[in-house]
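Notes follow the structure.
The values are calculated or read from the model by the stated rules, or taken from the named source; none is laboratory data. Owing to the predicted nature of the structure, the values given are computational and were not obtained by experimental measurement. With ideal geometry, Cβ positions are generated from the backbone for all residues, glycine too; neighbour counts draw on all protein chains shown.
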Amino acid sequence: MQEFELISHFFKGRGVARKDVSLSIGDDAALINVPENCQLAVTTDTLVEGVHFFNDIDPKALGYRSLAVNLSDLAAMGAEPAWISVALTLPKAEAQWLEQFTQGMHEIAEYYNVQIVGGDTTQGPLTISICAKGFVPNGCALTRSGAKNGDWIFVTGSLGDAGLAIDSKYGKVTLTEPQFNAANKAFDFPTPQVAAGQMLRCKATSCIDISDGLIADIGHICQMSGVGAKLFAENIPLAATVKAVLPQEHALNYALTYGDEYQLLFTVPEEHRTTVEMTLKQYGVELSCVGQITNHVGSVELTLNGKPFTLEQAGFEHFNDK
């Protein structure tokens with residue numbers, strides 16, 4: 001299968017067709033109409049085999065995951081996702097693999113009403129680069145730089161299963177097949193918190209998606225905002241599998257330091273706390289208050305039931321088995 005045949009068969013004319021796209025796949029560039037009084041939000045992520053995913057990952061899961069991690073970045077900005085371009089590097093063009101890969105990508109794109117408007121294909125080591133674009137009303141974008149002393153720190157969903165699945169693949173922890181499948185679903189099929197991000201506009205003072213681990217990512221907020229943070233480990237929402245198979249302190253290590261969660265971590269001032277809690281819970285978003293912003297610039301303090309708590313590791317690098 002040649003390049004243009006591949007593009008025509010698996011991408012052109014498939015999936016969502018948005019009215020704001022004037023010209024899509026087939027020309028030198030796409031033409032898109034951005035809504036009035038909105039800013040364009042743009043993010044790019046690259047996933048490399050053996051670095052960001054295992055080589056035995058199901059191709060449908062890989063297609064889904066590749067787009068999900070980009071949509072999560074838009075969610076963290078409070079943006080509505082709309083368009084993506086895909087740069088796909090393949091060792092060889094296998095029709096069966098591509099059918100499953102694009103099926104996973106088209107399924108999540110359809111769910112979030114996102115149109116694939118262009119990209120590129122080339123031959124080489126398996127690599128997927130996606131540029132996702134969305135829009136947010138002027139002045140309403142969420143950033144990492146607005147947290148203030150006294151703000152409450154919240155996280156959506158639950159944490160820990162993705163890291164548990166990774167360590168299981170490396171043989172660092174033993175899981176039954178049902179336990180592994182449950183944990184691995186969090187890694188293969190992360191759920192970008194797009195609706196939650198939009199509901200946080202004008203209420204949250206800062207926001208980030210958890211891709212590097214909660215401790216690392218609250219550190220990014222502290223650095224950009226010029227503040228510190230105090231985290232209450234007993235309030236960390238542990239995922240079901242990690243909670244079931246590990247003692248609390250070990251489970252907390254996964255939840256706090258392992259990446260690939262793609263939940264939202266955000267700060268809310270006292271005056272908006274009740275509104276945010278009620279609004280997100282009304283729409284079925286799991287929400288936990290896990291700490292508070294302090295004026296100790298750059299310091300991230302961690303306690304467990306009121307006592308200092310030390311982690312087994314300070315952070316997590318994707319697929320680093322050292």
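Look through region 109-135, keep the residues that are closer than 22 Å to Leu23 by Cα and among the β-branched types (Val, Ile, Thr), and return whichever of them is surrounded by the fewest Cβ atoms within 10 Å (Cβ to Cβ). Please lay out each step first, then the result.
Just the residues of region 109-135 that are closer than 22 Å to Leu23 by Cα, to begin with: 109-121, 129-135.
Adding the requirement that they be among the β-branched types (Val, Ile, Thr) leaves 114, 116-117, 121, 130.
Working: Val114: 27, Ile116: 25, Val117: 24, Thr121: 18, Ile130: 23.
Checking each candidate, the answer is Thr121.
Scanning region 186-204 for residues that are surrounded by fewer than 24 Cβ atoms within 10 Å (Cβ to Cβ) and among the polar types (S, T, N, Q), which turns out nearest to Val242 (Cα to Cα)? Only one residue tops the list, namely Thr191. Scanning region 220-254 for residues being among the hydrophobic types (A, V, I, L, M, F, W, C), crowded, with 22+ Cβ neighbours inside 10 Å and over 20 Å from Thr156 (Cα atoms) gives a total of 1. Take the conditions part of a helix (DSSP H, G or I), more than 26 Å from Met77 (Cα to Cα) and at pLDDT 95 or above and apply them to Gln179. Does it pass? Taking the combined requirement at face value, the residue satisfies it. Criterion applied to Ala87, Ala93 was being assigned to a loop (DSSP other than H, G, I, E, B) and more than 18 Å from the chain's Cα centre (by Cα), and the one residue passing it is Ala93. Select from region 168-193 the residues that are touching a residue at least 40 places away in the same chain (Cβ under 8 Å), over 25 Å from Ala229 (Cα atoms) and not basic (Lys, Arg) and list them in ascending order. Once the filter is applied, which keeps residues that are touching a residue at least 40 places away in the same chain (Cβ under 8 Å), over 25 Å from Ala229 (Cα atoms) and not basic (Lys, Arg), region 168-193 yields Tyr170, Val173, Leu175, Gln179, Ala182, Ala183, Ala186, Phe187, Asp188, Phe189, Pro190, Thr191. Kindly establish whether Thr156 is farther than 23 Å from Val48 by Cα and either assigned by TED's automatic domain parsing to the domain that holds Thr43 or polar (S, T, N, Q) (or both). Spelling it out, Thr156 is indeed farther than 23 Å from Val48 by Cα and either assigned by TED's automatic domain parsing to the domain that holds Thr43 or polar (S, T, N, Q) (or both).
Only one of the numbered conditions (1) within 18 Å of the chain's Cα centre (by Cα); (2) surrounded by fewer than 23 Cβ atoms within 10 Å (Cβ to Cβ); (3) in the same structural domain as Tyr262 (by TED's automatic domain parsing) is not met by Ala162, and that is (2).
Yes/no per residue for (1) in contact with a Gly (Cβ under 7 Å, 6 or more places away or on another chain); (2) part of a strand (DSSP E or B); (3) at pLDDT 95 or above:
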residue	(1), (2), (3)
Glu271	no, no, yes
Glu277	no, no, yes
Gly291	no, yes, yes
Leu302	no, yes, yes
Gly315	yes, no, no
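Go through Lys203, Lys230 for me and flag whichever is closer than 23 Å to Glu277 by Cβ, assigned by TED's automatic domain parsing to the domain that holds Pro269 and out of contact with any helix residue (DSSP H, G or I) (no Cβ under 9 Å at 6 or more places or on another chain). Among Lys203, Lys230, only Lys230 is closer than 23 Å to Glu277 by Cβ, assigned by TED's automatic domain parsing to the domain that holds Pro269 and out of contact with any helix residue (DSSP H, G or I) (no Cβ under 9 Å at 6 or more places or on another chain).
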